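The values are calculated or read from the model by the stated rules, or taken from the named source; none is laboratory data. Since the model is a prediction, treat every value here as computed from it, not as a measurement. Cβ placement follows ideal geometry from the backbone for every residue including glycine, while neighbour counts extend to all protein chains displayed.
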Amino acid sequence: MYFLKTTNYKLVTMFAILLIMQKIKKYFPHFLLAIYIIEFVSLGIHPYSRDVWYAENIPILGIVLFLVILYIRGIKFSNTAYFLMSILPFLHTIGGYYTFERVPFDWFDNLFGFQRNMFDRVGHFTAGFFAYGLAEYVLTYKKVSTKFWAFFLGICFIGTLAMTYELIEWQYAVKQGGDAGLAFLGSQGDIWDAQKDMLMDTLGAIFVSIIGIFTLKK
């Protein structure tokens, strides 16, 4: 009798776990959006610089809203793509709260011996992860015939977008001026900051492309 009760309990537990996993898988994009909203609202309270907070969050908010609109219109991505594309908004929102050069990231910088705060570089690297979603889209809707060209397109798109964003940063810093302009630019005294940021964006795109070529189903 005890054995039967124990067995039944284990079966019920396993069934409950499987049910929860299925629900999470089904509503994973909603789960990520809920976390982002909580983070966005929480870190919108008393940021280090309100001007920088607006400048950093408005583009990211636009990206999130764009993905939500696509989802509503029936253009959906895999959970893997949503996860990869969610990393940048999560990190960028943190950067908008502290300003990127002031994010507590000493553990990472000390681990690799960096002399500057590398949180912005990591953020740029994750921006390249959107290449995965773009490649998935063009493959799903038969815009290209092979995964190679899908990810090549994604890498080119990320590189172009990275250059455009650096131009926006430059113009904002010139027009805004002062501490807010410098904080948004985030160069931390590095004259090659823009070029290194674009490189990190592109490397992030190449990274997920290598993974995607072997894992993404055509």
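Applying the set (1) surrounded by 15 or more Cβ atoms within 10 Å (Cβ to Cβ); (2) part of a helix (DSSP H, G or I); (3) of a type outside the set (Val, Ile, Thr) to residue 77 leaves exactly one unmet item: (2). Applying the criterion of being among the polar types (S, T, N, Q) and under 13 Å from residue 130 (Cβ atoms) to the residues of the stretch 188-210, the residue that is surrounded by the most Cβ atoms within 10 Å (Cβ to Cβ) is 209.
Of the numbered criteria (1) at pLDDT below 95; (2) over 24 Å from residue 130 (Cα atoms), the one residue 26 fails is (2).
Look at (1) surrounded by 14 or more Cβ atoms within 10 Å (Cβ to Cβ); (2) under 29 Å from residue 216 (Cβ atoms); (3) in contact (Cβ under 8 Å) with a residue 60 or more places away in the chain and you find that residue 56 fails only one, number (2). Looking across the stretch 101-143, the residues that are over 15 Å from the mean Cα position of the chain (by Cα), aliphatic (A, V, I, L, M) and within 18 Å of residue 81 (Cα to Cα) come down to 135, 138, 139.
Those helices (runs of 4 or more DSSP H) of the stretch 83-186 in which at least 3 residues are touching a Phe, Trp or Tyr at 6+ places or on another chain (Cβ under 9 Å), considering only elements entirely within it, cover 119-127, 130-140, 147-176, 178-185.
Just one of the listed residues (101, 39, 56) is at pLDDT 95 or above and either acidic (Asp, Glu) or touching a Lys or Arg at 6+ places or on another chain (Cβ under 8 Å) (or both), namely 39. Inspect all residues belonging to the stretch 143-151 and state whether any of them is of a type in the set (A, V, I, L, M, F, W, C) and at pLDDT below 90. The answer is yes, given that some residue of the stretch 143-151 is of a type in the set (A, V, I, L, M, F, W, C) and at pLDDT below 90.
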